[in-house]
Amino acid sequence: MDNFNYYVAGRRAYFFGGIDGNAENIGWHLKGKMGGFWLDNYRLFSSYFLSLNGKRVSPTGFQNKVSERIVNYPGADLRILAHPERPLISIRIESRARIEFCLRQEMDLVWLEDRPSGNISLRVEKQDRDTIVWRELEGMSSFVKVNGKATSEGDWLKLSKRDSLEAVIALGRPGKEGYEQYLLERQEHNRRYLPPFQDTIPFWARTGALELFFERDVGCGFVAGLGEFPWWFGIDGVYTCLGLLETPMLELVGKTVDNLAKFGNGLAPHEVTTAGRIYAYGRMNEIIAFAYLALKYAVKTSKKEYLELVDNALSHVSGHLSRKLYPQGEGIVEVPIIGEFALLDSACWLYSMLKELRDSNMMKDLKNSQFAAWLLERYDREFLKDWYGKDGLFYDALAEKSENFEGHFIQIYPLSMGLIRREIGERLLAKMEKIGYFKEPGLIHSLPLKTFEAGDYGEGDKNDIVWSLPTLLAIEAGIRYGRPDLSEKFILSLENSLKSEMYGALPEILPAGGCTIQAWNAYAIPLIEHMNSPSPA
């Protein structure tokens with residue numbers, strides 16, 4: 001069968017790599033390091049392979065069982081899971097053959113700039129019928145426990161046994177539990193947060209988000225994805241959490257908000273590694289979007305202390321307003337615009353937040369209540385005049401003396417947020433469709449007015465790439481402005497992406513590409529559940 005990447009993940013452990021066991025050269029932030037067996041912030045092993053009766057075998061099938069993954073081989077099944085809360089990965093290989101499971105040892109345990117010095121010590125001890133291999137460095141103590149033999153040969157740790165083999169890769173001290181006990185604990189954890197199994201986008205989106213809730217010594221929250229971005233992002237966290245507000249994961253939403261606020265000093269950061277390094281500070285769009293999330297969380301939970309985060313954003317915005325009173329600064333589109341521009345997505349986030357403050361009756365509870373009320377009054381009166389061009393499209397950016405149209409997917413924001421009248425929205429959707437914003441999988445990055453490099457996302461121009469997030473916004477726009485056919489088309493695209501590589505994983509790029517699993521796809525949950533709900537009589 002064709003090879004593709006898969007993952008297992010818990011709060012403190014994950015494996016990411018091919019179903020053939022190859023996890024080399026994955027990722028570009030840490031080229032070659034993003035795959036493999038990660039426990040907390042240590043990559044203990046990279047790749048693995050399986051031999052039966054002395055012959056290396058290749059996979060013939062793959063199953064995503066939610067709580068575990070099963071890789072099928074001729075004459076064997078490899079079962080693997082990540083513990084939901086502990087830095088532990090457990091593997092069980094069921095076969096009647098002589099099994100040899102080989103793990104490639106990582107000699108340079110690294111998380112970004114954190115490079116432990118010294119040599120890894122290796123120690124093998126017998127304990128009843130088990131063999132325990134200790135690997136220790138600078139206070140980091142890890143072990144592999146196997147119910148058979150273990151030998152270290154060069155880069156490889158070889159685990160062997162006739163019939164069923166069980167192995168545990170973990171930090172800390174070994175316990176007496178086996179694979180089936182860890183599976184029960186994983187299943188119980190899933191029952192706490194997930195509904196009964198359904199082979200649907202909402203179910204798989206919830207599952208993916210839960211598996212991407214990472215906890216480390218420095219904090220906890222939803223990371224962006226695997227295998228490229230297993231750390232905390234501002235805008236990714238916003239979309240992930242907005243999709244989970246009406247689920248049992250509300251508690252995890254609150255922890256994510258707290259975590260981002262801590263690293264951003266009350267504002268959203270752009271990205272933070274799980275080692276606690278602030279890789280980049282927040283862009284204007286995610287600072288406002290994060291405040292919108294904090295407001296929605298305050299409304300949902302009645303925890304008005306989270307309005308402080310809204311006040312923080314308003315204070316920040318007040319110092320960066322253009323002459324037309326829109327926030328200046330970077331937006332979601334990672335294409336630099338030279339000069340002091342206000343971008344459409346940031347303006348839409350701010351307008352939406354102000355409207356939510358009014359609708360929730362929470363504006364009066366802000367320190368910046370007068371500023372917010374004044375700004376909302378101005379936007380109600382002038383937003384459409386300022387941003388809506390004569391050709392029936394919204395500008396991407398406004399400067400003091402210019403209006404710019406670049407054709408980016410942010411054209412969808414006034415529609416997805418419901419900021420414009422029905423008739424204008426219907427015309428805009430029709431025009432976007434006519435001039436080529438929508439491809440078969442979803443909403444493109446940008447019209448080919450300028451050519452942008454695709455980077456490491458594959459061949460071709462960046463313009464043509466269909467990210468899942470803009471496509472979710474297009475689904476929302478179709479719901480709001482009378483185009484259920486468009487929404488249904490793109491929901492079908494998401495359903496196809498569930499089956500294109502790792503079954504059950506909603507990717508970053510449609511139909512397949514980028515991160516194999518992307519947490520922001522949780523934003524699809526309320527959209528699809530709304531479409532599937534019975535219409536009122």
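Measuring between their Cα centroids, the range 2-44 and the range 213-251 lie 18 Å from each other.
Each Cα pair of the range 435-517 feeds into the Kirkwood radius, which the Stokes-Einstein equation turns, at 37 °C and 0.692 mPa s, into a diffusion coefficient of 252 µm²/s. Both radii were evaluated on the Cα set of the range 148-235; the Rg over Rh quotient, with Rh as the Kirkwood radius, amounts to 1.05. Basic side chains Lys and Arg get +1 at the Cβ, acidic Asp and Glu get -1 at the Cβ, and with that the dipole of the chain about its Cα centre reaches some 880 debye.
Just to confirm the number: angle between the C-alpha axis of helix 307-318 and the first principal axis of the chain, 0 to 90 degrees, nearest 10? Once rounded, one gets 60 degrees. Projecting the Cα atoms of 443, 474, 507 onto the charge dipole of the range 435-517, computed from C-beta unit charges around the Cα centre, puts 474 farthest toward the positive end. When the Cα convex hull of the range 380-473 is projected onto planes of every orientation, the mean area is 6.9 nm². Local charge for residue 71 was computed over the other residues whose Cβ lies under 10 Å away, with Lys and Arg +1 and Asp and Glu -1, and equals 0.
Toward the positive end of the charge dipole of the chain, with +1 on the Cβ of Lys and Arg and -1 on the Cβ of Asp and Glu, the farthest Cα among 9, 332, 491 is that of 9. Once the Cα atoms are used to define both axes, helix 369-387 deviates from the longest principal axis of the chain by about 80 degrees. Each Cα pair under 8 Å and six or more residues apart adds its sequence gap; the mean of these over the residue count of the range 435-517 is a relative contact order of 25 percent.
Summing charges over neighbours of residue 507, with a neighbour being any other residue whose Cβ is under 12 Å away from its Cβ, gives -2 when K and R count +1 and D and E count -1. DSSP bridge analysis restricted to the range 5-189 gives an antiparallel fraction near 100%, rounded to the nearest 5. Using the Cβ of residue 159 as centre and a radius below 13 Å, the other residues enclosed give a net charge of +4, where K and R count +1 and D and E count -1. Among the aspartates and glutamates, select those whose C-alpha is under 19 Å from the C-alpha of residue 300, and discard any that sit fewer than 8 residues away in the same chain. Within reach: 246, 251, 258, 308, 311, 356, 359, 365, 529.
Would you list, by chain and number, the lysines whose Cα falls below 25 Å from the Cα of residue 324, excluding same-chain residues fewer than 8 positions away? Output for residue 324: 355, 364, 367, 385, 390, 401. In a simple Cβ point-charge model (Lys, Arg +1; Asp, Glu -1; nothing else charged), the range 177-318 has a dipole of about 380 debye relative to its Cα centre. Say the cut-off is 26 Å between C-alpha atoms; which of 31/255; 431/462; 55/499 go over it? Check vs 26 Å cut-off fails for 31/255; 55/499.
Here, the range 5-189 has an Rg and a Dmax of 15.3, 45 Å when only alpha carbons are counted.
Residue exposure proxy: 440, 508, 330, ordered by other Cβ atoms within 10 angstrom of their Cβ from fewest to most, comes out as 440, 330, 508.
Taking trypsin sites (Lys or Arg not before Pro) as exposed when DSSP calls them loop and at most 14 other C-beta atoms lie within 10 angstrom, the chain has its longest site-free stretch at 177-302.
When only alpha carbons of the chain are considered, Rg and Dmax amount to 24.7, 80 Å.
The residue list 119, 172, 183 was ranked by how far each Cα lies along the charge dipole of the range 5-189 toward its positive end, using unit charges on Cβ atoms, and 183 comes out on top. Every helix of 4 or more DSSP H residues in the chain counts as -39500 (n - 2.57), and over all residues that averages to -10000 deg cm²/dmol at 222 nm. Once the Cα atoms are used to define both axes, helix 422-434 deviates from the longest principal axis of the chain by about 60 degrees. As a rough footprinting exposure proxy, the listed residues 263, 197 were ranked by other beta carbons within 10 Å of their own, and the order from fewest upward is 197, 263.
The percentage of C-alpha pairs in the range 4-88 whose separation is greater than 22 Å is 26%.
Since every read-out is calculated from the coordinates, none of them should be taken as a lab result. All values reported here derive from a predicted model rather than from experimental measurement. Every residue, glycine as well, gets a Cβ built from its backbone with ideal geometry; the counts of neighbours run over all protein chains shown.
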